[in-house]
Amino acid sequence: MSASCSMFSQILKLIPRIEFERMVKETGSEYAAKGLSSWSQFVAMVFCQLGRAHSLREIEGGLKSCEGKLTHLGIEAPARSSLSYANAHRPWQLFEQVFYRLFERLSGSMRLPRKFRFKNRLVSLDSTVIDLCLSVFDWAKFRRTKGAVKLHLVLDHDGYLPCYGVITDGSVHDVKLAWRIPFPAGTVVVDDRGYNDYRLFAYWTESEVFFVTRMKDNALFEVVEERPVPQNRNILKDQTIRLIGAGAQEKCPHLLRRIEAIREDTGETLVFLTNHHNLGASTVAAIYKDRWQVELFFKALKQNLRLKTFVGTSANAVKIQIWTALIAMLLLRYLQLISRFGWSLSNLAALLRMNLFTHRDSRAPG
């Protein structure tokens with residue numbers, strides 16, 4: 001990237017303006033709108049994330065302090081009242097579309113060396129709760145005295161990037177959302193015990209989608225076959241089983257596989273459940289261990305971007321800010337990959353925050 005323009009401008013060039021305007025038309029973002037453009041709104045919200053602005057006042061002030069450097073971004077510093085209105089009324093779906101288009105653009109160049117020999121696509125399915133103050137965000141009812149929204153993500157293990165996301169009320173159960181995700185045949189989905197649902201297991205099996213999960217302690221089953229276990233791999237049991245108990249056979253009539261493994265660091269015995277009968281038992285255990293990457297992604301998202309405080313109180317504004325955080329995470333991961341130095345994500349985010357309007361090659365922000 002050229003250092004002839006600011007780092008912020010270099011980053012925004014990853015989202016072509018022509019393509020952005022096409023998405024504006026597709027979502028009707030500027031239908032009957034006056035004043036602030038959708039591009040100005042988008043740039044301001046990306047600045048909120050990368051610049052760690054805590055309020056609309058900070059966004060307005062931060063951009064106005066760089067007024068002479070905004071021309072190459074194609075915007076003027078927006079008034080906070082205009083930005084507040086846009087976040088409350090313009091469709092959050094525009095930011096969702098920008099995220100997916102950006103993922104399509106960058107994901108091919110951000111693939112990491114594969115950890116596993118099998119060719120199936122490996123993804124993790126998980127969710128995180130984003131706490132909100134119920135007295136301010138009265139629409140986000142979660143518990144009696146607590147408000148929240150829930151971010152559901154599918155993390156692609158090829159680059160440890162989110163490839164699918166849904167934002168729901170905090171009370172929406174993970175299993176209910178899992179039914180809505182269209183996994184292609186052959187995909188290996190790894191999730192935790194929160195997604196244990198026999199009907200879902202049957203649906204995935206019949207759709208030729210594989211899953212790896214932890215088995216619940218109170219699950220009832222009968223052993224159909226004892227399979228040989230590999231030597232010196234911390235595998236205790238490898239069994240083909242049939243689920244039993246009240247209604248289990250009606251919900252999931254398929255034979256599944258139960259694997260007992262010892263966790264190396266703690267000595268704890270873990271029990272995995274899968275419908276993949278051909279993978280090695282140690283591979284199944286390693287797949288579940290790799291699920292920890294989605295937890296690390298949520299941790300990095302909350303630590304480095306604006307997801308603990310919000311600059312708007314409406315549901316629309318909250319969704320816009322969350323989708324912008326996901327967009328910013330894609331941009332940060334891309335910069336981390338192309339950087340000439342081995343920056344950690346937190347160091348890169350901090351350095352970028354202090355150099356957004358510095359004229360420097362974004363591959364070497366230090």
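Every number in this text was worked out from the coordinates using simple rules, so none of it is lab data. Bear in mind the structure is a predicted one, so any value in this text is a computation, not a measurement. Cβ sites come from the backbone with ideal geometry, for glycine too, and all protein chains shown count toward neighbours.
With the helix formula -39500 (n - 2.57) applied to DSSP H stretches of n ≥ 4, the chain reaches a computed 222 nm mean residue ellipticity of -11500 deg cm²/dmol. Taking every lysine pair in region 223-366 that is 8 or more places apart or spans two chains, those with Cα atoms closer than 19 Å amount to 6.
With a ≥ b ≥ c the root eigenvalues of the C-alpha gyration tensor of region 1-108, is it rounded (a/c under 1.5), prolate (a/b larger than b/c) or oblate? The shape class here is oblate. According to the Cα-based calculation, Rg over Rh for the chain is 1.02, with Rh computed by the Kirkwood formula. With the cut-off at 1.5 for a/c, could you classify region 1-61 from its C-alpha gyration tensor as rounded, prolate or oblate? Verdict is oblate for region 1-61. I'd like to know which of L122, A328, N234 lies farthest towards the positive end of the charge dipole of the chain, counting +1 on Cβ of Lys and Arg and -1 on Cβ of Asp and Glu. Going by the Cα projections, it comes out as A328. Placing one equal scatterer on every Cα of region 69-166 and applying the Debye formula, the log10 ratio I(q)/I(0) at q = 0.18 Å⁻¹ is -1.05. The count of lysine pairs in region 71-198 with alpha-carbon distances below 26 Å, taking only pairs 8 or more places apart or on different chains, stands at 4. Applying both filters, DSSP loop and at most 16 other Cβ atoms within 10 Å, to the chymotrypsin sites (Phe, Trp or Tyr not before Pro) of region 300-360 gives F341.
Computed over region 210-353, the P(r) tail beyond 19 angstrom holds 65 percent of alpha carbon pairs. Cβ-Cβ distance of I18 and H277, R₀ of 30 Å, FRET efficiency by 1/(1 + (r/R0)^6): the value works out to about 0.05. Shape of region 256-295 from the C-alpha gyration tensor: oblate (a/c of 1.5 or more and a/b not above b/c, with a ≥ b ≥ c the square roots of its eigenvalues).
Start at zero, step by 5 Å, and the Cα-Cα distances of region 132-255 spread as 2, 9, 14, 17, 16, 14, 13, 8, 4, 2, 1, 0 percent across the bins. For region 1-77 versus region 188-266, the spacing of their alpha-carbon centroids is 48 Å. Values of log10 I(q)/I(0) for region 122-201 across q = 0.15, 0.19 Å⁻¹ run -0.58, -0.83, by the Debye formula with one identical scatterer at each alpha carbon and no solvent.
Computed from Cα atoms, the angle from the helix 281-290 axis to the main principal axis of the chain rounds to 20 degrees. Applying the criteria of a DSSP loop state and at most 11 other Cβ atoms within 10 Å to the trypsin sites (Lys or Arg not before Pro) of region 127-198 yields R144, R180. Using only Cα coordinates, the Kirkwood hydrodynamic radius of region 202-248 works out to 12.9 Å.
List the equivalent ellipsoid semi-axes of region 283-366 in whole Å, largest first, each obtained as the square root of 5λ for an eigenvalue λ of the Cα gyration tensor.
Working through the eigenvalues yields semi-axes of 24, 23, 9 Å.
Overall, region 79-158 carries a charge dipole of about 260 debye about its Cα centre when +1 sits on the Cβ of Lys and Arg and -1 on the Cβ of Asp and Glu, all other atoms neutral. Here is the list for region 258-360: GluC sites (Glu not before Pro) lying in DSSP coil, each with at most 15 other C-beta atoms within 10 angstrom of its C-beta, are E264, E268. Across A140, A33, A219, mean-square fluctuation computed from a Gaussian network of the chain (C-alpha pairs under 10 Å connected) peaks at A219.
Straight-line cross-link reach from K64 at under 12 Å between alpha-carbon atoms covers these aspartates and glutamates, not counting any fewer than eight positions away in the same chain: E76.
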